[in-house]
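Working notes, beginning with the structure itself.
The values are calculated or read from the model by the stated rules, or taken from the named source; none is laboratory data. Everything quoted here is computed from the prediction, not taken from an experiment. Counting neighbours? That spans all protein chains shown, and the Cβs are built from the backbone with ideal geometry, glycine included. Remember, those area values only see protein heavy atoms, side chains included, never the ligands or the DNA or RNA. Shrake-Rupley method; radii C 1.70, N 1.55, O 1.52, S 1.80 Å.
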Amino acid sequence: MKLFSTRIAALFLVSIMMVACRGQKSEKPPILPQQNMSFQERFNAQQENPFFEDGMAMRLPVEGTVARGGLRHDMALFEGTDEDGNYIAENPIELTESFLYRGKDRYDIFCSMCHGGTGDGRGIIMTGEYGYVPAPTFHSDRSREMPDGEFYSAIANGIRSMPAYSGQITVEDRWAIVAYIRALQESQFILEDELERYDVDIAELQQLYLDEQAREEALAEARAVTDDEEVSVERGERLYTRYACHTCHSLDGTRLVGPTFAGLYMSEREMTDGSVITADEEYLIQAIVDPRAFTNVGYDDVMMPYDYLSDGELQSLVEFIKAQSDN
Ligand code: HEC
Ligand code: HEC
């Protein structure tokens with residue numbers, strides 16, 4: 001009997017406890033019999049602390065601290081170069097179909113408006129209304145021979161007048177874009193003897209190409225005729241900034257990417273092929289429209305052809321350059 005009543009009492013106690021712990025929230029402060037650990041002295045964010053020499057309570061990480069996952073020791077992956085700083089030839093990330101499609105996706109978003117959907121350098125900025133430095137084509141021998149690392153670096157660090165995209169595009173995505181540009185280049189380039197393996201008419205292809213070229217020339221001509229033909233130094237000055245000539249040519253004699261315009265007109269220009277040319281009007285026009293024809297000694301052949309300018313624009317630029325020799 002004694003045993004039985006003890007059991008009843010125990011059962012009663014357990015059921016009371018279970019009722020008490022049904023997991024509801026309570027607004028009342030918890031009962032803390034031992035409070036030592038709950039209330040301790042501390043500093044708030046941004047608070048002063050005279051203990052440290054700089055008086056700040058918030059401490060900076062020890063110099064050289066690397067955030068978890070932030071160790072960028074892999075030069076090839078993060079910089080596109082080897083230990084000596086030379087561009088690496090090949091993409092360090094393994095090529096897969098999904099990687100390539102990721103590259104296409106990113107390319108279309110970040111590069112196509114300037115470099116064109118097919119990489120031919122005829123993106124929407126080239127319509128003339130936007131006045132940006134023309135973006136080069138990726139279908140030149142020069143571009144085809146560039147190592148993968150150089151493309152990566154152009155995205156990560158920018159190149160001359162093109163801004164860097166490191167803020168918008170992650171390391172992996174940059175390499176995906178590089179892979180996609182390589183695919184674009186392949187898609188537009190085939191050697192004649194390779195072509196012979198396929199069942200196509202080479203003559204017909206060449207004719208298609210020539211037709212396309214003629215069509216574009218006619219378009220450019222039509223556009224030049226309809227452009228207003230005002231020629232003035234002031235217009236030239238506006239175009240000098242609008243077409244970003246100022247990013248490479250100074251007016252005060254400073255050497256930038258290209259030679260200064262100060263005193264350029266009628267000066268003797270030394271070319272890499274050994275010739276010396278007087279910078280008359282004809283030369284200036286050629287230097288703007290077809291800059292690859294000659295290269296000044298001591299400069300890189302990096303200026304993109306401004307072959308889409310109207311006559312009025314070209315002549316105004318020339319007048320503006322001439323005006324830089326007047327004083
Ligand atoms: C706002 C227009 C613009 C965008 C967007 C742009 N570029 Fe460029 N890019 C340029 C211009 C302009 C140049 C030429 C720079 C110069 O020579 O001053 C250039 C040059 C380059 C070059 C060097 C080419 C050479 O022949 O030296 C590479 C490579 C390149 N861009 C890759 C890219 C990639 C990849 C993207 C997308 C992530 C991109 N660009 C986005 C305008 C752009
Ligand atoms: C990306 C940089 C860049 C931009 C932008 C640029 N140029 Fe150039 N330009 C050069 C370089 C580099 C040279 C020298 C190499 C050469 O002779 O091809 C040059 C050469 C020239 C020359 C011949 C100068 C000489 O000393 O013989 C003329 C004229 C010229 N540029 C005009 C222009 C005009 C006009 C614009 C704008 C519509 C322009 N450039 C935009 C880089 C640039």
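Computed quantities for the displayed model
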| item | result |
| --- | --- |
| Equivalent ellipsoid semi-axes, the stretch 233-323, via Cα gyration tensor eigenvalues times 5, rooted, Å | 19, 14, 13 |
| Karplus 3J(HN,Hα) series, Hz, for the stretch 71-82 with 6.51 cos²θ - 1.76 cosθ + 1.60 (x for Gly, Pro) | 6, 9, 7, 7, 4, 4, 6, 8, 10, x, 10, 8 |
| Compactness of the stretch 63-215 as Cα Rg over 2.2 N^0.38 Å, two decimals | 1.21 |
| Span-like helix ranges in the chain, DSSP H, alpha carbon extent 15 angstrom or more, Kyte mean at least 0.5 | 2-20 |
| Fraction of accessible area attributable to carbon and sulfur, the stretch 75-187 (%, probe 1.4 Å) | 52 |
| Ordering of 95-101, 143-149, 106-112 by burial proxy (mean other Cβ atoms within 10 Å per residue, highest first) | 106-112, 143-149, 95-101 |
| Per-peptide average of other Cβ atoms within 10 Å, ordering 27-40, 310-323, 287-300 highest first | 310-323, 287-300, 27-40 |
| Relative packing of peptides 69-79, 176-186 - highest average C-beta neighbours within 10 Å first | 176-186, 69-79 |
| Calculated [θ] (222 nm, deg cm²/dmol) that DSSP helices of n ≥ 4 give over the chain, each run adding -39,500 (n - 2.57) | -12500 deg cm²/dmol |
| Residue-normalised accessible area of the chain, given per residue in Å² at a 1.4 Å probe | 69 |
| Descending principal axes extents, the chain, alpha-carbon based, whole Å | 122, 66, 45 |
